[in-house]
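Visitor: Sharing a structure, written as structure tokens. Questions coming.
The values are calculated or read from the model by the stated rules, or taken from the named source; none is laboratory data. Worth saying up front: this structure is predicted, and the values here are computed from it rather than measured. Here Cβ is always computed from backbone atoms with ideal geometry, including for glycine, and neighbour counts include all displayed protein chains.
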Amino acid sequence: MQTRIPCVLMRGGTSRGPFFLASDLPADAATRDAVLLAVMGSPHEIQVDGIGGAHSVTSKVAIISKSKHPEADVDYLFAQVQIKERIVDTKPNCGNMLVAVGPFAIEAGLVPAKAGETTVRIFNVNTQSLVESIVQTPGGNVTYAGEAAIDGVGGTAAPVKINFKSAIGAVTGKLLPTGKPLDVIDGVEVSCVDVAMPVVLMRAEAFGKTGYETATELDADQELFRRMETIRRKAGALMGMGDVSKLVVPKLGLLAKPRHGGAISSRFFVPDACHKAHPVTGTVCIASACAIPGTIASQLVTLRPAPQGIIELEHPSGKIAIDLDADFTAGKPVIRRAALIRTARRVFDGHVHVPENVWAGAAQHPARAAA
């Protein structure tokens, strides 16, 4: 016997993973995590016994429910399922998976669709932050067809507009978790910034890199990962996050001056692989860091004065643009707007099966029992 769980596989931005209603999963966090490991097929390097894609951007899960927050329609809990370890990390947010939350919530009946566009107010449980998602709903139905294109995904689709409403100090509670825009760890200058996602920013040249390498080239350099992971763990302690050896945050960014007309070049690590494009939350953080005096990003960015408006980050698959309106020079930093246009797609829906000894869900939900 196996336990049968309703599931929708969604692509959000340049990530992909299963979406669940919270009511269809165990309420107990430990049992829930065991279910998610079984769903994805972890730990195993190719996740052959589950639906994970053997890459960090395809080993992600979104759990959605009606929100009790007065300014939100739905709650979004993100889970990063490690591929080779029995770890489910719910500390970070994922902005790419976030892109698919609005369409999923509407089609799940959690938010009524309006004619033309529907705004879905999302509360990210991981970071306790609010995000607005504007979904195309002509005739009161979600559409995935459109002319918007994003680097890292083939073809075009309907645009989904994402606006981060409360991104400062998403995990640590501080814009600059170490209290400074610049620190030195193991002889390498770093900037630890927490906007939408805590990220440790470094110059690519500090590791003998140009900052223009492909993701495949960087993934092949195991010595690079060893050095960066040592710095990441020490940075995590400096940021007040304790032992981060079993966490996927803080993330890592190797930066360089742009060479394709953007504001800055970024190679983003998640952290055990280089992202083949660029994460949404990482984009919010790095674009913000460009506007924070004294950070490595502000020293490399080509825009002067401090960037506002449309900021383009160059990444291995092209560019990602963000519309930023923020002030980090005042006594109390503020983000008035941090908006991106992304795309999403419903890939398939149905049921995913997990062994009954992982979760005997049929006891609570008899209709899920399946031989």
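Visitor: Can you find a residue in segment 105-116 that is hydrophobic (A, V, I, L, M, F, W, C), assigned to a helix (DSSP H, G or I) and buried (at least 20 other Cβ atoms within 10 Å of the Cβ)?
Guide: Looking through segment 105-116, at least one residue is hydrophobic (A, V, I, L, M, F, W, C), assigned to a helix (DSSP H, G or I) and buried (at least 20 other Cβ atoms within 10 Å of the Cβ).
Visitor: Sticking with this structure for a sec: State yes or no: is VAL153 assigned to a loop (DSSP other than H, G, I, E, B), crowded, with 16+ Cβ neighbours inside 10 Å, modelled with pLDDT of 95 or more and outside the structural domain of THR295 (by TED's automatic domain parsing)?
Guide: Taking the combined requirement at face value, the residue satisfies it.
Visitor: Sticking with this one: How many residues does segment 126-150 hold that are within 26 Å of MET197 (Cα to Cα), surrounded by fewer than 20 Cβ atoms within 10 Å (Cβ to Cβ) and among the hydrophobic types (A, V, I, L, M, F, W, C)?
Guide: Qualifying residue count, segment 126-150: 4.
Visitor: State whether the residues of segment 113-129 include one that is at pLDDT below 95, closer than 22 Å to ILE286 by Cβ and touching a Phe, Trp or Tyr at 6+ places or on another chain (Cβ under 6 Å).
Guide: yes
Visitor: For the structure I just gave you, tell me whether LEU36 is of a type in the set (A, V, I, L, M), more than 13 Å from VAL358 (Cα to Cα) and at pLDDT 95 or above.
Guide: Taking the combined requirement at face value, the residue does not satisfy it.
Visitor: Could you pull out the residue among GLY294, GLY236, GLY240 that is in a helix (DSSP H, G or I) and of a type outside the set (A, V, I, L, M, F, W, C)?
Guide: Values: GLY294 fails: in a helix (DSSP H, G or I); GLY240 fails: in a helix (DSSP H, G or I).
Step by step, each of GLY294, GLY236, GLY240 is checked, and only GLY236 is in a helix (DSSP H, G or I) and of a type outside the set (A, V, I, L, M, F, W, C).
Visitor: I'm trying to understand the selection: among the residues of segment 158-187, which are surrounded by 17 or more Cβ atoms within 10 Å (Cβ to Cβ) and more than 27 Å from VAL125 (Cβ to Cβ)?
Guide: PRO181, ASP183, ILE185
Visitor: Every residue in segment 303-317 that is within 12 Å of ILE264 (Cα to Cα), modelled with pLDDT of 90 or more and surrounded by fewer than 22 Cβ atoms within 10 Å (Cβ to Cβ), please.
Guide: Once the filter is applied, which keeps residues that are within 12 Å of ILE264 (Cα to Cα), modelled with pLDDT of 90 or more and surrounded by fewer than 22 Cβ atoms within 10 Å (Cβ to Cβ), segment 303-317 yields only GLU312.
Visitor: State all residues of segment 56-83 that are part of a loop (DSSP other than H, G, I, E, B), in contact with a Pro (Cβ under 8 Å, 6 or more places away or on another chain) and not hydrophobic (A, V, I, L, M, F, W, C); if no residue qualifies, say none.
Guide: GLN82
Visitor: Please name all residue pairs, on different chains or six or more residues apart, with Cβ atoms under 6 Å, provided the first residue is in segment 234-250 and is more than 17 Å from THR178 (Cβ to Cβ) and the second residue is among the aliphatic types (A, V, I, L, M) and part of a loop (DSSP other than H, G, I, E, B).
Guide: LYS246/ILE87
Visitor: I would also like to ask the following. For segment 84-104, which residues satisfy the criterion of being in contact with a helix residue (DSSP H, G or I) (Cβ under 7 Å, 6 or more places away or on another chain), part of a loop (DSSP other than H, G, I, E, B) and surrounded by fewer than 24 Cβ atoms within 10 Å (Cβ to Cβ)?
Guide: Selection gives ARG86 alone.
Visitor: Next question. Does VAL284 fit the bill of being in contact with a Phe, Trp or Tyr (Cβ under 8 Å, 6 or more places away or on another chain) and touching a residue at least 40 places away in the same chain (Cβ under 8 Å)?
Guide: yes
Visitor: Does segment 249-270 contain at least one residue that is among the hydroxyl-bearing types (Ser, Thr, Tyr), assigned by TED's automatic domain parsing to the domain that holds ALA321, modelled with pLDDT of 95 or more and surrounded by fewer than 21 Cβ atoms within 10 Å (Cβ to Cβ)?
Guide: No, that holds for no residue.
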